[in-house]
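The values are calculated or read from the model by the stated rules, or taken from the named source; none is laboratory data. In this text, all values refer to a predicted model and were calculated from it rather than measured experimentally. Positions of Cβ are generated from backbone atoms using ideal geometry, with glycine treated the same way; all protein chains shown enter the neighbour counts.
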Amino acid sequence: MPLRECNIEQLKAAMEDYPEAAFYAVCRKPLFIQGLKVIQSFWPNDRLHRAYHRGEIDWIEYIIEYKAQITADVKAKAWISKIRSLAKSQAVFLVCVCCREEEERCHRFILLELIGGL
C-alpha cells in the first residue's frame, strides 16, 4: 500500500476514501481529530521553524537542517521504521496544516522522502 500525504483541507475526503488507512499528523499545530495520531518527533524544532518563517534560512537550508534533525532523533527514526513497515500493508497518510499555497514547501514531503529512503 502506498505512503501518501494530505493537508488538513484534504483530510476529510482522504479519510472517507481510505477508511482503513492510518493517518498521522506531523504538524506543529494541535489537531484533535478522531482517527488522527500526532507524531511530535516529526515536528521541526522551534529554532528551525522560526528561522525559516522569518526568512533567515532558505528552503534548501531548511531541508538540510530538517533531515539532520530527524535522522539524529531516535524516536523519529523509530517512527520512520514503524510507518515504513505499516505502509507495506495499508495506506498511510502524513497530514499537515499547510495550505495549498505552502504545499510545495511543507516538511511532510521531506518526511515522505526520508521514510522511503532511510
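Filter region 35-87 for residues that are surrounded by 13 or more Cβ atoms within 10 Å (Cβ to Cβ), aliphatic (A, V, I, L, M) and within 30 Å of M15 (Cα to Cα) and give the result.
L36, V38, I39, I63, I70, A76, I80, I83, L86, A87
Taking region 34-56, which residues are more than 19 Å from A78 (Cβ to Cβ) and outside any helix (DSSP H, G or I)?
If the condition is that a residue be more than 19 Å from A78 (Cβ to Cβ) and outside any helix (DSSP H, G or I), then Q34, G35, L36, R54, G55, E56 are the ones that fit.
From the set of residues in region 88-105 that are among the hydrophobic types (A, V, I, L, M, F, W, C) and at pLDDT below 90, which is surrounded by the most Cβ atoms within 10 Å (Cβ to Cβ)?
C96
Residue check, L31 against (1) in a loop (DSSP other than H, G, I, E, B); (2) hydrophobic (A, V, I, L, M, F, W, C); (3) at pLDDT 95 or above, all met but one. Which one?
Unmet for L31, out of (1) in a loop (DSSP other than H, G, I, E, B); (2) hydrophobic (A, V, I, L, M, F, W, C); (3) at pLDDT 95 or above: (3).
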